[in-house]
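Inspection log for the structure reproduced underneath, given as structure tokens.
The values are calculated or read from the model by the stated rules, or taken from the named source; none is laboratory data. The model shown is predicted, which means the values in this text are computed figures rather than measured ones. Don't worry about glycine lacking a Cβ; one is built from the backbone with ideal geometry, like all the others, and counts go over all protein chains shown. In case anyone asks, the SASA skips ligands and DNA or RNA and just uses the protein heavy atoms, side chains included. Shrake-Rupley method; radii C 1.70, N 1.55, O 1.52, S 1.80 Å.
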Amino acid sequence: MSLAMPPSTTLAYGSVVLAAVLWGGSIVAQKMALGSFSPVEASVFRDVGGLAILLVTWWVQERGTLAIARSDLSLLGLLGLGVLGNHLLILMGLNYVSGAVGGVIIGSSPVVTSLLSALLIRDVPLRTVWLGAVLSFAGVGLVSVAGFQAAGEQPLLGGTLVFLGVVSWALYSIGSRAIMDRLSALTVNWTTLLVATVLQIPLLWTDRKVTDAGVSSVTTSDWLALAYLIVFATAVAQQAWLFGVKGIGPSRASVLGNLTPVAAIGLSALILKESVGPVEMTGIGLILAGVWSVNRQTAKQP
């Protein structure tokens, strides 16, 4: 089986930035979708829709050719658990905490991924990412706390669930790079999403909201939020992220992921008419400084 050459560095960085921007919007969309859907319903509908798009894309681009070694099946299954944990746990957590608190925790994803990547697969030395990670984490915290309104009903439970979702994504990003030496990013994306979707479907009977209230109870804005999660946050962003990780590695990609809260602030200002003040601008500056630091340090590595 012939595999595509690794993506160019410029294209890989651009793909990661695109994913980060789209995921910035998903924080708002997830919170909106929970107005009409339960966490499990939102996660299942999001994944089913995203899977349909990815399967059509895979069929067109790769002509339905699928050659997976038996030894890779178990790893794909584990990666599917990572997708499941990320999608479902974050939605469950956002049901208990405010979007601001969820944004703080989700913003720690690049730091978690960089540290776990440097420790587990050592794709870059830890000394090259720690300063940028600290700067970016400080910016993420400052930006997110600046918009803090209320902790939510059960901040400890919700915060723990969201953080576990972040860890799930970090492990998924690290594990996916290893298997993408043998499989395309698109194949890894739809197969792992299929695993996550199948595992979630039985949970629909335990967490019902729209299925009890009826489709007519869903507002137009909530349908649009769900559509955004399906098309952009799942199909497009996840594919772009995997493509970028394949080209530049999880450590470099994860720090660029700190652009997510920057995008979230900009989209909140445009869509929700929230103000952006000096504190937010300072936080954005710290985040970009962290991105620059890690890119500069890791560029010196093989």
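Total residues in the stretch 233-260 satisfying the condition of being β-branched (Val, Ile, Thr), open to solvent by 10 Å² or more (accessible area, probe 1.4 Å) and either within 24 Å of Gly283 (Cα to Cα) or in a loop (DSSP other than H, G, I, E, B) (or both): the figure is 1. Contact map, the stretch 226-245: residues that are within 16 Å of Ser109 (Cβ to Cβ) paired with residues that are open to solvent by 40 Å² or more (accessible area, probe 1.4 Å) and assigned to a helix (DSSP H, G or I), Cβ distance under 7 Å, separation 6+ or inter-chain. Pairs shown: Ala233/Trp23; Ala237/Trp23; Ala240/Leu18; Gly244/Tyr13; Val245/Arg177. Please tell me if Val236 is under 19 Å from Ser26 (Cα atoms) and at pLDDT 75 or above. Yes. When Leu78 is tested against the conditions (1) farther than 17 Å from Tyr172 by Cα; (2) out of contact with any helix residue (DSSP H, G or I) (no Cβ under 6 Å at 6 or more places or on another chain); (3) open to solvent by 40 Å² or more (accessible area, probe 1.4 Å), the lone failure is (1).
Of all the residues in the stretch 48-73, those that are of a type in the set (Gly, Ala, Ser) and touching a residue at least 40 places away in the same chain (Cβ under 8 Å) number 4. In this structure, Trp190 does not qualify as in contact with a helix residue (DSSP H, G or I) (Cβ under 8 Å, 6 or more places away or on another chain), in a helix (DSSP H, G or I) and modelled with pLDDT under 90.
For the stretch 106-132, the set of residues classified as of a type in the set (A, V, I, L, M, F, W, C) and buried (at least 24 other Cβ atoms within 10 Å of the Cβ) consists of Ile106, Val111, Val129, listed by residue number. The set of residues in the stretch 155-172 being buried (at least 22 other Cβ atoms within 10 Å of the Cβ) and out of contact with any Gly (no Cβ under 8 Å at 6 or more places or on another chain) consists of Val166, Ala170.
Taking the stretch 163-184 as the range and being of a type in the set (Lys, Arg) and assigned to a helix (DSSP H, G or I) as the test, only Arg177 passes.
Among residues belonging to the stretch 59-73 that are open to solvent by 80 Å² or more (accessible area, probe 1.4 Å) and either outside any helix (DSSP H, G or I) or touching a helix residue (DSSP H, G or I) at 6+ places or on another chain (Cβ under 6 Å) (or both), point out the one that is nearest to Val188 (Cα to Cα). Of everything passing the filter in the stretch 59-73, Leu66 is nearest to Val188 (Cα to Cα).
Can you say whether Met32 is open to solvent by 10 Å² or more (accessible area, probe 1.4 Å), within 21 Å of Val236 (Cα to Cα) and either hydrophobic (A, V, I, L, M, F, W, C) or free of Cβ contacts under 8 Å to residues at least 24 places away in the same chain (or both), as far as the supplied structure shows? Yes, satisfied.
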